[in-house]
Structure formats: structure tokens, C-alpha cells
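One structure below.
Just so it is clear, none of the values below were taken in a lab; they were calculated from the coordinates. All values reported here derive from a predicted model rather than from experimental measurement. Counting neighbours? That spans all protein chains shown, and the Cβs are built from the backbone with ideal geometry, glycine included.
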Amino acid sequence: MNNNNKLILLHFNIHSILQNTKQIQLRHLINKHSPDIISLNETWLKPDSILFIEGYTIIRSDRENRKGGGAALCIRSNLPHKEIYLKDINNEDYVCGLSIESNHQHLAIFTMYSPPQEKLNTLLFNRITSSYKQFIIMGDLNAQNKLWHCKKDNQYGLHLETVINKHNIKITNNKTPTYKRGKSIIDLTLLSSDLANLPCTFK
């Protein structure tokens, strides 16, 4: 955490972190924002791929059998944390999580990639909401819904809306598109109801 005791989170749908241009973009974002935790989606990493980001410990969920996908969480190496085991229910959503202790409270942070045309893994949301009182979920969920300022709904967005309402989850996104070329808002940051009243700035 920074000197103001604020947690700075950065989400980047990177489309292959092994490309030099993408690594340059990521270093620029790190230098500009000094994030404590970085959420990466579509890393395109395989289990034998080597990834190093100076000053950060990296937790990965790689796509093994086909191209694309993958997720990673990068946390400042000086922040004590524990990886959250999710592999028993993490078949196709490519999610990874970690927990950190702040002011004697445990905060769970997850990054989740839900591929297009694949159903949302509700088991993951059930596990997260039942296991952690305070949590943040970041990721590319490929779900469109007018609730989070999309121009239209799709079936994945309607499904996610049901999950959000069921678990009383807060959406922090504003009207800024997360994919400017398509003007869509499919990269979301979700908070548990326990965090809903805390000061939060979304950019």
C-alpha cells in the first residue's frame, strides 16, 4: 500500500504479455500509477512461459490446451499475501486469487477471465462470496449489460446481473468504455457489499 494507506489496483487486458510492446505498455502503466496489485487478463502464457516483473510476485492461471486466455495477479513483493487455491473449480474461467491482511482484516482479490461464448462459472462466485467477507473481483467477463452502462444486454450480461443481485455485489465502473474501439464495457471491477461504503475511485 502507498503512504496514504490506499490500495491501488490496475487491470490490463493485455493480449499476450510476452510481446515486447505489451511489456513496454505495462511498465509505463506501472511507472505512472505505482499499483500495489496488477490484474492481467489474456496473458497467453503457457505453463513453461517465463514472466518477471521487477518488484512484484506473480500468481498465474495459464491456458494449457489452446491459444489465448490466461490470467495473472501481480502483487508488490513487500506486501504479505497468500495465494487462494481455486483449481478445483477453475476449469475454463482462468481465475486466480490472493488474500492480504490490512488493518487486521483479510481482503481477497481475484482476477477473472471469462472467454466469449462460454457460460459464466457461477461456482466461482459462490465460492468467493461464501468464503470472503471483503473481496474485489477484476476482469474481462465478456458480459454486456445496461446496468454497467453498456448500450445493450447480452445473455452473459443478464446472467452476471443475476449473480450480482444474488450476492449483493457492487459494480464500480463508470461510463468509460474499457474497449474503446468497440465502445464496450466488459472489463469490470466488482466489490463485496462490505466494501461498498469505503472511498473508491475508478478510472
Item to check | Cα-Cα pairs of region 100-189 separated by more than 18 Å (percent) | outcome: 44
Next on the checklist: If the reach is capped at under 18 angstrom between alpha carbons, list the lysines near residue 166, excluding any in the same chain fewer than eight residues apart.
Outcome noted: 119, 133, 146
Item to check | 10 Å binning of all Cα-Cα separations within region 7-102, expressed as whole percents from 0 upward | outcome: 16, 51, 30, 4
Next on the checklist: Rounded to the nearest 20 debye, what is the charge dipole size of region 103-203 about its Cα centre when +1 sits on each Lys and Arg Cβ and -1 on each Asp and Glu Cβ?
Outcome noted: 340
Checklist entry - Which translational diffusion coefficient, to the nearest whole µm²/s, is obtained for the chain from the Stokes-Einstein equation, given a Kirkwood hydrodynamic radius over C-alpha pairs, 37 °C and 0.692 mPa s? => result 191
Checklist entry - Which residue, chosen from 47, 96, 20, occupies the Cα position most advanced towards the positive end of the dipole of region 1-120, where the dipole is computed from +1 (Lys, Arg) and -1 (Asp, Glu) charges on Cβ about the Cα centre? => result 20
Item to check | Proximal aspartates and glutamates to residue 67, defined as alpha-carbon separation beneath 16 angstrom and excluding residues fewer than eight positions away on the same chain | outcome: 42, 48, 92, 93, 118
Checklist entry - Hey, if you put +1 on the Cβ of every Lys and Arg and -1 on every Asp and Glu Cβ in the chain, which of 189, 173, 59 ends up farthest toward the positive end of that dipole? => result 173
Item to check | For region 67-77, 3J(HN,Hα) per residue [Karplus equation, 6.51 cos²θ - 1.76 cosθ + 1.60, θ = phi - 60°, Hz, x = Gly/Pro] | outcome: 6, x, x, x, 9, 8, 10, 10, 10, 3, 5
Checklist entry - Applying the Karplus parametrisation 6.51 cos²θ - 1.76 cosθ + 1.60 with θ = phi - 60° to the phi angles of region 33-44, what ³J(HN,Hα) value in whole Hz is obtained for each residue in order, glycine and proline being reported as x? => result 10, 6, x, 7, 9, 10, 9, 10, 10, 6, 5, 6
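Let me make sure I get this right: for region 102-142, a, b and c are the square roots of the gyration tensor eigenvalues over alpha carbons, sorted descending. Under 1.5 in a/c it's rounded, otherwise prolate if a/b > b/c, else oblate. Which is it?
Oblate.
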Checklist outcome for this item: Here region 116-128 yields Karplus 3J(HN,Hα) values (6.51, -1.76, 1.60; θ = phi - 60°; whole Hz; Gly and Pro given as x) of x, 6, 10, 5, 5, 7, 5, 4, 5, 5, 4, 5, 5
Checklist entry - To the nearest 20 debye, what is the magnitude of the charge dipole of the chain about its Cα centre, counting +1 on the Cβ of each Lys and Arg and -1 on the Cβ of each Asp and Glu? => result 680
